[in-house]
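Enquirer: Structure provided below as structure tokens; questions to follow.
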Amino acid sequence: MKKVTLLFITLLSACLLQACHGNKTGDADDDTTSDVIDTTKHISIIVGKDDIKFVTTIAYGCLAEIKIGTLAKQKGLDKRIKNLGAMMIKDLTKGKGRLTALAKVKKINLPDTLDAEDQKSIAELAKKTGKEFDIAYLDKIKVDYKKALDLFQNTAKHGYDPQIKQFAAHNVLTIQRHLDLIDAVHGSMR
């Protein structure tokens, strides 16, 4: 009888240990993609028009800002402009990757080309050279980032889909930091 009881307690302990340690997901990651869980397998959540519009607007914005950053890296006269362009390319490429992962989970198709308005404004910017380019670049991204900050803050507060709201809230601080850096460089060049 003691052997059966001991065997039962040993098996129960092993099962409890396995249950406690079986839920580990690995190291925590700072990426928003680690917070994105595919809920479509278990629960069908319809993504609202406003949330879809946010995701696609941000995708267009990422494409445009990466292109503008590339121009700044190539055409910038001031080293701060070149560095700012390089930083924007790096950060926005990373952000676009996170957005793509979220869109995939939500089954939202993202654009892969610039919209007509961005194409036109980038073409106008590309015509400028020297200090005129540097100032025009800063003016353009300052306006773009102010719009982006408003959009991200609004979606973080009023978005319907919890994962899209979380994505927006997670990126507000980064956008604010970029805007502060743009303001600092812009102020030092006047």
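Enquirer: Whole-Hz ³J(HN,Hα) for each residue in the range 122-132, computed from phi via Karplus 6.51 cos²θ - 1.76 cosθ + 1.60 with θ = phi - 60°, x for glycine and proline: what do you get?
Expert: So the J values, rounded to whole Hz, are 5, 4, 5, 5, 5, 6, 7, 9, x, 5, 4.
Enquirer: Here is a further query. Looking at this model, which pairs from 104/165; 75/165; 104/140; 73/128 are more than 25 angstrom apart at the alpha-carbon? Working shown, then result.
Expert: Details: 104/165 16 Å; 75/165 36 Å; 104/140 30 Å; 73/128 14 Å.
Checking Cα-Cα distances, 75/165; 104/140 exceed 25 Å.
Enquirer: Label the range 103-190 by shape, choosing from rounded, prolate and oblate, from the square roots a ≥ b ≥ c of the eigenvalues of the Cα gyration tensor; if a/c is under 1.5 it is rounded, and otherwise prolate applies when a/b is larger than b/c, oblate when it is not. Each step should come with its number before you reach the end.
Expert: Working: a/c = 3.46, a/b = 1.55, b/c = 2.23.
Since a/c reaches 1.5 but b/c is at least a/b, the shape of the range 103-190 is classed as oblate.
Enquirer: What number, in percent, do you get for the relative contact order of the range 46-189 if the mean sequence gap of Cα pairs under 8 Å and at least 6 apart is divided by its residue count?
Expert: Working: 147 pairs, mean separation 40.4, N = 144.
Relative contact order of the range 46-189: 28 percent.
All of the numbers you see were taken from the coordinates with simple rules; none came from a lab. From a predicted model like this one, the values you see are computed outputs, not experimental measurements.
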